[in-house]
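Here the structure is laid out as C-alpha cells; the discussion comes afterwards.
Values in this text are rule-based calculations from the coordinates and carry no lab data. Being a predicted model, the structure only gives us computed values, none of them experimental. Note that each Cβ is placed from the backbone with ideal geometry, even for glycine, and that neighbours are counted across all protein chains shown.
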Amino acid sequence: MTDRVVLAYSGGLDTSVCIGWISELTGAEVIAVAVDVGQSGDDMNVIRERALACGAVEAEVADARDEFANEYCAPALKANALYMDEYPLVSSLSRPVIVKHLVAAARKHNATIVGHGCTGKGNDQVRFEVGVSALAPDLTSIAPVRDYDMTRDKAIEFAEANNLPIDVNKKSPYSLDQNVWGQAIETGFLEDIWNSPIEDIYSYTQDPTIQREPDEVTITFDKGLPVAIDGRKVTMLQAIEELNERAGLHGVGRIDMVEDRLVGIKAREVYEAPGAITLLTARAQLANVTVERELARYARGVSQRWSELVYDGQWFSPLRRALDGFNDEVNETVSGDVRVVLEGGRAVVTGRKSDESLYDFGLATYDTGDTFDQSLAKGFIDLWGLPTKIAAERDQRVGRPLD
Ligand code: ARG
C-alpha cells in the first residue's frame, strides 16, 4: 500500500510546494490539512481547493477557532503566560491544537507520517514533532524544508515548473504566523536588530502615535476568564476578537524583542497581540485584588515555568497538566470587573471591582476610618528583623565589616 502523509498546510508557497515535493521524494500520497486558528488571509475553502490543485489526494479544513480559544488561549490567560516576561506565546499555543487535528486526520486516512513546512532553525519543528510523539508515538514526521533543503528559490522554481496555482510574488518578505491570539513577524530587515520595525509590517495594530479618543472598556471575568465586555456576554473567542479590534486600533500589544529559542539561537521577533495583552493585563490586575499574597507569589514562578514549558514544545506534558490544575485553583477567586483604558499603545487598568476582593478600605486608608492597628507594626518589625539584628551583632563582635 502507498504511504500516506498528512501535511500541515497553510496555503502559502512553502507548504504548497511541500505537497509535490513529498510525493516526488517519497512516492507517498499527501493529505493536506489546514487548521483555522483565526489567521487572516485566504478563505479556508480556497485553501482547500489550492491543496488539491497542488496534488494533494485529499484536503481537509478544520475550524478550530473556538477550540483554540477555549482550550489553549484560556489556560494561557489563567497562567498569565508571557515567555521572557513579554511574549504571549502566540505560535507556541497554536501548534498543539494543529497537531491534534493532524493526528486525527492521520488516523482517519490511515496515514503513517505527519509533515510540516518548518525549517530546522525554529521552535515550531520541535512543537510539531514532540506533539505528534505525545499523541501518536507510532507516527513519524517529515519536514521537507529542513530535511531536503528546500530553499525559497527552489520552492519558487518548483512552483513555476509545475504550474502551481500560487502567486509567488505575493509571498511576504517576512515569516509570518497568525492566529487569534496574535501574530509573529520575523526575518527580512528585522534580522538586523538595530533596525526599527516599520509601520508596514503590522496588521493587527494601528500606529499608536496617532492621536485618537481613548477607548474605555469594562471586562467581566469569571474564574480568570472573560465572560462579558461592557456588560455584553461573550465567549472566549469573541472576547479576544473584540479586543483585537478595539485595542488594535490604539496600537496595544506591539512587542519587539530578542528571544531565546529552544534550539539555542537568539532571534529578533516582533509580535502584535492586542487582545491577548489587554486580557492578560486586566486579569493580572484583578488577580492582584483577589488572590491571597502567598498564593500570588508562588503563582509568579509557576507562570514562568508554564510559559517556558509551552514555548519549549511540551504542551502535552504531565507537568503542564499539573500546573494547569494549580492555575485553576489560583483563578478560583479571579472574578469581577476590570475597567481598562486603551490609548497610545497601552492597555491601562483604571478600576477593579470584585465580590472576591481582599482589598480592605479600612486597612488601606490613610484617611479617617482606619481600622489598621498601627501599634502592632512596631512589634512585628522587631520580630521580623530579629535574625538580621542577631547576625549583625555577631559580625560586629568578631570584627567582620557590616556592608
Ligand atoms: N518565535 C516565535 C515562537 O517560537 C514565533 C514563531 C513564528 N513562526 C513562524 N513560522 N514565523 O513561538
Springs between alpha-carbon atoms under 10 Å, Gaussian network over the chain: tell me which of GLU308, GLU213, GLU269 tops the mean-square fluctuations. GLU213
Along the Cα→Cβ direction, 7 angstrom out, place labels at LYS154 and SER375. What is the inter-label distance in nm? 8.3
Given charges at beta-carbon only (K, R positive; D, E negative), |dipole| of the chain in Debye: 920
For segment 287-319 and segment 125-150, distance of Cα centres in Å: 28
In degrees, nearest ten, helix 274-290 long axis to first principal axis of the chain (Cα): 30
Rounded to the nearest 500, the 222 nm mean residue ellipticity computed for the chain from DSSP H runs (n ≥ 4, each -39500 (n - 2.57)) alone is -13000 deg cm²/dmol
Could you list LEU262, LEU363 in order of exposure, starting from the residue whose Cβ has the fewest other Cβ atoms within 10 Å? LEU363, LEU262
Of ASP360, ASP149, ASP256, which has the largest mean-square fluctuation in a 10 Å C-alpha GNM of the chain? ASP360
Any chance you could give the angle, 0 to 90 degrees and rounded to 10, that helix 386-398 forms with the longest Cα principal axis of the chain? 80
For helix 293-311, what angle does its Cα long axis make with the longest principal axis of the chain, in degrees from 0 to 90 and rounded to 10? 20
Estimated inter-spin distance, LYS171 and LEU402, nm [label 7 Å along Cα→Cβ]: 6.9
Binned Cα-Cα distances of segment 278-403, short to long, each 10 Å bin given as a whole percent: 10, 23, 26, 22, 16, 3
For segment 250-263, 3J(HN,Hα) per residue [Karplus equation, 6.51 cos²θ - 1.76 cosθ + 1.60, θ = phi - 60°, Hz, x = Gly/Pro]: 9, x, 6, x, 7, 9, 10, 8, 9, 10, 8, 6, 4, 7
Looking only at the chain, where both bridge partners belong to it, what percent of the DSSP beta bridges are antiparallel (to the nearest 5)? 70
As an exercise, use a Förster radius of 45 Å and the Cβ-Cβ distance of ASN45 and GLU329 to find the FRET efficiency, rounded to the nearest 0.05. 0.55
Taking the alpha carbon gyration tensor of segment 145-195, what are the square roots of 5 times its eigenvalues, largest first, to the nearest whole Å? 24, 15, 12
Mean Cβ count within 10 Å, highest first, over the residues of peptides 113-120, 165-172, 368-375: 113-120, 165-172, 368-375
Calculate the dipole size of segment 338-382 relative to its Cα centre from +1 charges on Lys and Arg beta carbons and -1 charges on Asp and Glu beta carbons; express the result in debye to the nearest 20. 300
Built amide H within the under 5 Å cut-off of ALA62, gap 5+: ALA34, VAL35, ASP36
For VAL217, net neighbour charge (Lys/Arg +1, Asp/Glu -1) across residues whose Cβ lies under 12 Å away: -4
Computed Kirkwood radius, in angstrom, where 1/r is averaged over Cα pairs of the chain: 23.6
With 10 angstrom as the radius, rank SER40, SER196, SER10, SER357 by how many other C-beta atoms surround their C-beta, starting from the fewest. SER196, SER40, SER357, SER10
With a point put 7 Å past each Cα toward its Cβ, work out how far ALA364 is from ARG394 in nm, to one decimal. 4.0
Within the set of other residues whose C-beta is less than 11 Å from the C-beta of ASP43, count the net charge using Lys and Arg as +1 and Asp and Glu as -1. -1
Per residue Cα convex hull volume in Å³ - calculated over segment 17-101: 114
To make sure I understand, if each residue's beta carbon is the centre and we count other beta carbons within 10 Å, what order do SER335, SER133 fall in, fewest to most? SER133, SER335
